[in-house]
Each structure stands twice: as C-alpha cells, then as structure tokens.
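Here the structure comes first, spelled out in structure tokens, and everything after it is commentary.
Every read-out reported here was derived from the displayed coordinates using simple, explicitly stated rules and does not represent laboratory data. Quick caveat, the model's predicted, so the values are computed rather than measured. We place every Cβ from the backbone using ideal geometry, glycine too, and count neighbours over all the protein chains shown.
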Amino acid sequence: MTGDMDGQTRRVYWVLLFAPLVLLAALYLFPLSRVLWLSVTVPSPGFGNFEQLVSSSAIQRVLWTTLRICVLTTALALLIGYAVAYAALHLRGWRGEALLFFVLLSFWLSVLIRAFAWLTLLQSRGIVNTWLMGAGLIDQPLTLIRNEFGVVLGMVHYMIPYAALPLYANMKGIDPRLVPAARGLGAGPVHAFLKVYLPMSTPGLISAGILTFIFSLGFYVTPALLGGGRTIMISEYIAVQINDTLNWGVGSMLATTLLLSIFAILAAMSLFVDLRRVFGVR
Amino acid sequence: MSESIRLDHLTKRYGGHLATDDVSLEIPAGRFVTLLGPSGSGKTTLLMMIAGFVRPTTGRIVVSGRDITDDPPERREFGMVFQGYALFPHLTVAENLAFPLKLRKMPRARIEQEVRRMLDTVHLPQLGGRYPRELSGGQQQRVALARALIFNPKVLLLDESLSALDKNLRAGLQEELRDLHARLGTTFVFVTHDQEEALSMSDEIVIVNHGRIVQSGAPRALYDRPRTRFVADFLGRANFVEGIVTASAGTAISYEAGGIPLRQAGPSDGPPVRPGDAILVGLRPEKLRLARDEPGGATNRTPAEIALVTFEGADHHVRLTTPLGPMQAVVPSDAAGPQPTRGDKVWLSWDADASVVLHDDR
C-alpha cells in the first residue's frame, strides 16, 4: 500500500499514525507504568506487596469472590446470550430484528442508571419485595441486594449484549441447512443441536466468553452499588485502598495483578484459538 | 428396498400465499422423478414436505402404504442432498459419511468398511481425511451424495443439487447420478429449474408452476406433446402461432394466421374446436425447414426474413420475422449450401403433424 504513495502522502500517513500513538503513550502508558512502578516501590522497594497475595486473607477473599462472581456471570451471560442470539436469528420476520434492537438498546443505558434501577426493584422495600409480600407469598422481605445474588444479577444483565452480539455474528455464519441435514440423516433435534450446531457455534462461545469474563473482572460500579459494601470485588477493593486507606502499594499491586491475569488468560486462550479472529481484526 | 410415494391433496399455505395448491402425485418405487419448475413455483416446498422439513397445511404423504405426514424427518429414512450440499464443515469427509451410521449404532469396524465402500462408489477413495472446505465443488457434491446414500435410504431427495457446478462437471455428474440410480434402484426425487437436466435424467418429469402440477409424463412425451403454452415454452424452445380456425374435421384443423392458411393434424387433448375459434399452435424450432425458394407441395409455408443467427456448434439458431410473428428455427450447421445470414429472404415450411394445439395458460 505504501509503495504507491508519493513522499507528501507518506509524511501525512506517518503523522496520522504517530499522533494517536504519542497521545496514548502520554495519557495511558505513562500512568500505567507508574502504577506498575508503585506496586514494587511503595512503601518499600521489593515484592512485599505481592507477598500479600498469599499472606493476606482479606485479599484472598476478595480475589476468590471476584473469580467466583466472574465465572458465574460469564456462564449465565453466555447461556442467556446464546438463547437471545439464537432467537434473534431464527424468529421470523420483524420479531428477530425487534429482539436485536432491544439488546442494542441496553447498550445505550449507562451502567450507573441500570444499577440504580436494580436497586429500586430489589431493595427490601422495593417493587419486587412489596409485590411478593402484597401477594402473600413471603412474610419477610427477601435479601436481593448487598449480596452476590444482586451483584451477579446486575452484571449478567449488563453483559448479555456483550455475549449475545459475538454469538449472533458467529451464528449468522452457520449454514442454516446443516441442522436439517443432520435431521434428514436420522438425528433427533437434540442430537442435531449437540453434534452440529453447538460445535459450529463454539468459536462464538469462546469469543463471547473471553470478552465477558475479562470485562467482568474489572467491573466496579455494579458490584459497588448492588454489593453494598458486603460483596466486594477487586476493583472496588483497589478503589478503597487508593481513595480511603491511601494504601497505594497494595492498590497498585492488585491493579497490576488484574492486568497480568488478563494477559495470562489471553495468552492461554491464544494457544487454542486465533485471538485476532476473536477480536474481529481478521 | 425402494419405496413408492403418494402425495394426497397436499396444500401448503404461508399466510395468504399458497406455496402448494392441492397437489396429488404418485411416484412409483424405483423411479427417477424430476420436479421441474421456475424459481418460486413451489417445487422446493413440495420436496421439503416430502423430506419432512415443512408441514403440509392439509393433505397426506403416504410411503408404500404408510402415512408419514406426521413423522419428523429423522424417522423417514430418506436421504437428502441439499442445495449447497450442507456438508458438516467441522467433520472430515469420512466423519460426514459416518454420521448417519453412528446414529444407527453400527459397530465401528462396519462403519469404516461402509465409508470406504461408499467413497469408492463415488470415486473419491483417497479423500476420507479431508475437510469439506478442502474439496472442489464437484467433490463436495459427490460427498453429499455419498452421505445421503450410505444408510440405504428408501428414497433419495435431491434439491437443485447440480445447479452450482460448471457445465462439464454437471454433465459428468448427471451421468454418474443416472448410473447410480440404475445400480441402486432407489427411488430418486430430483428438484431442478434446469429443463435440459430434467429432460436428460428423468424417467418422469412433473412440471410445477404456481404451486400446482401443470403436466407430468415421460420426458419425450412432454417434449413432443405439451398441453399448455407454459409447458411448451419452459421445456425446450417453442414457436407459438395464434390463429383463427377456418374448418375442422376430427383431428385435422385448418386455421389462418397472418393471412396465411395453415393446417394442423394429430391428436389433441383439448376440447373440439369450431370454425371462428381462436387457436394456439406450438411448433418446435427443429421441425421447421428453411429454404431459399418457395417449397412447392409443403402443407404449411410462410415467407420469412432472417433477423439473427447464433452459432451453437452443431446447429445454427435462427430468429426470423414472418407474417405469423417472430419465429425461431434450428438448422444443422453442416447443412449443404450457403449459411443462413442476417437479412436473407427465405421460406419456412413444416408438416401438419409437426405442431401441437396448446391450451393458452398465459
């Protein structure tokens, strides 16, 4: 491509390439390297902060909670996203498009608004509990927030589009005659799905899974609001370390750990799948 | 092993649209039957109902005396070759072929043996380990055929199976398909919009239009004695002469078109005609004779001027303007004398029994 350019065009080309790179380096890479630096220098040089990963039970509890919630969220978002994507593709006429529209619609709502909406619905004197008690189904309000249930609910709700859209793109590429072909050869509907449709949609499940899981790891607003300080995930813990206890060393250590874990996951996944394809570069 | 199929007043309605309109058809066991029609004629819907992928709105499907209308496709034991082949991309050729056998709980050693035998049958003995995307179109077609036949289905259904292939490959596969049919004796139901394919392959052709069967019969009979303008036009090339009857005696009809007296003889399925009636006569281009001078003694003749000549190898296809309207003729390209040329003034003639009376369904 560059071979056809004259000198003038080529200079413009390089400027356009470098300007955003310089901006990224200044505003993103520099602060990030500062965080990495802090994690091994504050309060004293060395890996003292990282030792807390194995020694501090509070940190371990936060890590374990984060992992559990993220796995659960990813699994549920994939399950629901799969159903949504499948339905959007197979519903006849306008119904599929309408479904897809509502999935996209939730993209436009801020995560904060959605968390507050869930609070209104789920708090002890919220709509759900009031209705259930009014109907005589329960005597005491159910604890629907300030616990993992609320956090997972809010996160799954947020993640469904991120799971559904890669799956939809993947399923769109599956020849719609494959399942009928399997049925014609003698496979029942369940068998045809398991042996033909599911393997064909596995690449979509993997991309959607990576996207959802990595996204969930860094979730802050939803767990902070719906967890109500009781269910604490790593992002909230980091924020507390830095904003409240001014424990910059531990905060930046955890941020570094989060970053490295994501790289590790991506590296591990790249052994099995083509990541460039997962992220749509190819 | 092969079975007969009877369609009994089948109707399929999509909203207000009738995709299949009260179709009854008998497909005898072991026959090669082609459903032929233009796109949107409802031939594929018909096939999908036989296969079990589309439920008829009303009517029954009976296979060798057993009503299968409510059976799901996996219980029908029909092999099907889809348009675009529908090979499983995540499985190798051998695994594709093994798929229906595994479902039938065949022991592994038997499966391997059957797969190898079937790959030999379709002339692809070396390709079991390949994935479908690594095969050419013709090879994929053969694999799809092998997969549909490997479990000894009662009936083989083929949906526009050869349409995507280039011409030479298609001719080769047509012969293979006929050869396979002759060897296996399975009932074949083939859907196509390609009239040449239908003519060359089938024992019987069923012509479908607007969701109905227009006419059915052996290829030769359909070609020689079409009943309607649609059939004559769709199956091969045809000239149409619209005239007014001047006299009729039994099957011999005298009529007049463009001021020229013409005669038509031969069997007719239509109602008897009386003088003064409008008549539509169909005439195959190869039945027309082309001459420089007025042919004396010919029953039917008209002056004509050549408008266009197309060289087609063995023949010339000639378009002419005549007092009867535009006509087309096919003349052998190795005929003696000067070649037909645009602008030539010539004479067309034909025998009284070369034409057929058609019902005008336009």
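Distance between the modelled labels on B:D120 and B:D21, one decimal in nanometres: 5.1 nm (7 Å Cα→Cβ projection).
Between A:F47 and A:F193, the contour length at 0.36 nm per residue exceeds the alpha carbon distance by 47.5 nm.
Using Cβ point charges alone (K and R +1, D and E -1), the dipole size of the protein assembly as shown about the Cα centre works out to roughly 1700 debye. Placing pseudo-labels 7 Å out from each Cα toward the beta carbon at B:Q83 and A:W14 gives an inter-label distance of 5.5 nm.
Scanning residues 5 or more positions from B:D344 or on other chains, those with amide H under 5 Å from its amide H are B:I306, with H placed 1.01 Å from N in the peptide plane. Net charge dipole, region A:58-278: roughly 480 debye, given to the nearest 20, about the Cα centre with Cβ charges of +1 for Lys and Arg and -1 for Asp and Glu. Within region B:267-328, the trypsin sites (Lys or Arg not before Pro) that combine a DSSP coil assignment with at most 16 other C-beta atoms in a 10 angstrom radius are B:R292. The value of relative contact order for region B:1-77, using C-alpha pairs under 8 Å at least six residues apart, is 35 percent.
Between amide H atoms placed 1.01 Å from N, distances below 5 Å from B:V54 occur with B:M49, all of them 5 or more places distant or on a separate chain.
Inter-part distance, region B:98-172 to region A:83-156, computed on C-alpha centroids, equals 49 Å. Amide hydrogen proximity for B:R212: with H placed 1.01 Å from N in the peptide plane, the residues at 5 or more positions away or on another chain lying under 5 Å are B:D21.
Placing a pseudo-label 7 Å from each Cα along the Cα-to-Cβ vector at A:F101 and B:E242 gives an inter-label distance of 4.8 nm.
Remark: region B:10-15, residue by residue, has Karplus-estimated 3J(HN,Hα) of 6, 9, 10, 10, 10, x Hz, where x stands for each Gly or Pro and the curve is 6.51 cos²θ - 1.76 cosθ + 1.60 at θ = phi - 60°. Counts of other chain beta carbons within 10 angstrom of each beta carbon in peptide B:148-156 average 1.
Under the criterion of Cα pairs below 8 Å and six or more residues apart, the relative contact order for chain B equals 16 percent.
The separation of region A:187-264 from region A:17-44, counted between C-alpha centres, amounts to 23 Å.
Here the 3J(HN,Hα) profile of region A:150-157, calculated from phi with Karplus coefficients 6.51, -1.76 and 1.60 at θ = phi - 60°, is x, 4, 5, 4, x, 6, 4, 4 Hz, Gly and Pro shown as x.
One chain, two ends: A:L142 and A:R92. Fully extended at 0.36 nm per residue, the span grows by 14.1 nm beyond their Cα-Cα distance. In order along region A:44-50, phi translates into HN-Hα couplings of 9, x, x, 9, x, 4, 5 Hz, rounded to whole numbers, per the Karplus curve 6.51 cos²θ - 1.76 cosθ + 1.60 with θ = phi - 60° and x for Gly and Pro.
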